[in-house]
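Student: Got a structure for you, written out below as structure tokens; questions coming shortly.
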Amino acid sequence: MLPGRQPSERDQTMRLTFLAPALLLIAVFIYWPLIYTFVLAFHQWNLTSSEMRFVGLTNFSGLLDSPIFDAALKNTAIYIVGSIPLKVLFPLFIALAIWVVSPRRGIVYKSAIFLPTLMSFVVVSLLWMWLLNPLVGIGNSVMAMLGLRLPPLLSSPDTALWTILAISAWKIMGFNMLLYLAGLASVNRDQIEAMRLDGAGDVALFRYLIWPTLSPTTFFVLIVTVIFSIQQVFTPIDILTHGGPSNSTTNLFYMVYQYAFQSFNIGYGAAGTVLIFAIIFVVTAVKMRILESRVHYQ
């Protein structure tokens, strides 16, 4: 279409024709399941039965009163809050450390740290299951050489959750590191030299130049971490602990899986999904309202 020419009815039709397949796929595989989940949340339905009965808010009240919900909600909050230093701040410091080394050595470090990101969560979970096995794991063998014994990290309620969180952070760390390195590529090194000549130290450089430049990247990493932190630990929970011991590692996402696909209580599972959607929406909206005004895009 030429500049300044108004789109004709034929142009509009062509645009809709090309967009129709993508819009249809989005509607069928995203919006319809979302809408149907809200419908199921107000019905009682066993996955093995064809009978569906409207029960109003009974699923929500029953879910809130269930003993597993309190543990799942508490653990979800720990997963989200604990992910911020491990998945947002720590990759930032790693990226800064790699950024100041020579390019050749930086490639080696980036490759080593990014390697876990290329592995599936199933492989990562099985790897750590083998490493942390208290009987035949390599971790216990190394500790035995030092005259020590590896504690049961995955079978103790005091350490299982933090072990799952650390494994998830190790898996994601390399990806977030590359995002920060991409942001650091836009830092003007001539401006760094000018600030150095004016007597600026490392802290001043980070505070007045590097941090404002990385604020959009940090904002993006923070929002994505909050949204996906619940989902990212699902596979380690399912493979390593099954939500135990004593519900110490389960979260809202795994609780939905337990109700929907282990107990076949679709109503509770759908109600839990709606609650997760509401929690993520509220937390993300609050973060965007508070933090977006502090982001420097230029």
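Student: Just for segment 10-43: of the residues that are of a type in the set (V, I, T) and modelled with pLDDT of 90 or more, which one is farthest from the chain's Cα centre (by Cα)?
Tutor: Among residues in segment 10-43 that are of a type in the set (V, I, T) and modelled with pLDDT of 90 or more, the one farthest from the chain's Cα centre (by Cα) is V39.
Student: Can you pull out the residues in segment 43-63 that are buried (at least 16 other Cβ atoms within 10 Å of the Cβ) and of a type outside the set (V, I, T)?
Tutor: Passing the criteria: H43, Q44, W45, N59, F60, G62, L63.
Student: Now a separate question. Take the residues of segment 124-174 that are charged (D, E, K, R) and in contact with a helix residue (DSSP H, G or I) (Cβ under 8 Å, 6 or more places away or on another chain): which is nearest to H242 (Cα to Cα)?
Tutor: Taking the candidates together, the pick is K171.
Student: Kindly evaluate S168 against the criterion of being crowded, with 18+ Cβ neighbours inside 10 Å, touching a residue at least 40 places away in the same chain (Cβ under 8 Å), in a loop (DSSP other than H, G, I, E, B) and hydroxyl-bearing (S, T, Y).
Tutor: no
Student: Scan segment 171-198 for residues that are among the polar types (S, T, N, Q) and either free of Cβ contacts under 8 Å to residues at least 12 places away in the same chain or over 21 Å from I80 (Cβ atoms) (or both) and jot them down.
Tutor: Across segment 171-198, the qualifying residues are S186, N188, Q191.
Student: Can you name the number of the only condition in (1) free of Cβ contacts under 8 Å to residues at least 60 places away in the same chain; (2) of a type outside the set (D, E, K, R); (3) touching a helix residue (DSSP H, G or I) at 6+ places or on another chain (Cβ under 6 Å) that Y208 fails?
Tutor: Only one criterion is unmet by Y208, namely (3).
Student: Related question: Got at least one residue in segment 77-89 being over 27 Å from G243 (Cβ atoms), among the small types (G, A, S), in contact (Cβ under 8 Å) with a residue 24 or more places away in the chain and surrounded by 11 or more Cβ atoms within 10 Å (Cβ to Cβ)?
Tutor: no
Student: Please find, among F277, F261, F219, F253, the residue that is over 30 Å from S49 (Cβ atoms) and among the aromatic types (F, W, Y).
Tutor: When all the criteria are applied, what remains is F219.
Here's the yes/no breakdown for (1) hydrophobic (A, V, I, L, M, F, W, C); (2) modelled with pLDDT under 85:
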{"residue": "M173", "(1), (2)": "yes, no"}
{"residue": "L181", "(1), (2)": "yes, no"}
{"residue": "L184", "(1), (2)": "yes, no"}
{"residue": "E193", "(1), (2)": "no, yes"}
{"residue": "D202", "(1), (2)": "no, yes"}
{"residue": "Y257", "(1), (2)": "no, no"}
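Student: Follow-up question, since we're still on this one. Name the single residue, out of those in segment 118-147 being in a loop (DSSP other than H, G, I, E, B) and more than 27 Å from the chain's Cα centre (by Cα), that is nearest to G183 (Cα to Cα).
Tutor: Filtering first and then ranking leaves G137.
Student: Where in segment 191-281 are there helices (runs of 4 or more DSSP H), lying wholly inside it, with at least 3 residues that are buried (at least 19 other Cβ atoms within 10 Å of the Cβ)?
Tutor: Helices (runs of 4 or more DSSP H) meeting the threshold: 211-232, 252-257.
Student: Moving to a separate point now. Among S66, S83, S50, which is out of contact with any helix residue (DSSP H, G or I) (no Cβ under 9 Å at 6 or more places or on another chain) and either of a type in the set (G, A, S) or modelled with pLDDT under 85 (or both)?
Tutor: S50
Student: Which members of segment 148-165 meet the condition of being surrounded by 12 or more Cβ atoms within 10 Å (Cβ to Cβ) and either modelled with pLDDT under 90 or assigned to a loop (DSSP other than H, G, I, E, B) (or both)?
Tutor: If the condition is that a residue be surrounded by 12 or more Cβ atoms within 10 Å (Cβ to Cβ) and either modelled with pLDDT under 90 or assigned to a loop (DSSP other than H, G, I, E, B) (or both), then L150, P151, P152, L153, L154, S155, S156, P157, T159 are the ones that fit.
Student: Further question on the same structure: Given W128, W99, which one is within 24 Å of F206 (Cβ to Cβ) and among the aromatic types (F, W, Y)?
Tutor: Going through W128, W99 in turn, the sole match is W99.
Student: Could you list all residues from segment 99-117 that are of a type in the set (V, I, T), assigned to a helix (DSSP H, G or I) and surrounded by fewer than 19 Cβ atoms within 10 Å (Cβ to Cβ)?
Tutor: I107, V108, T117
The values are calculated or read from the model by the stated rules, or taken from the named source; none is laboratory data. This is a predicted model, so every value here is computed, not measured. Don't worry about glycine lacking a Cβ; one is built from the backbone with ideal geometry, like all the others, and counts go over all protein chains shown.
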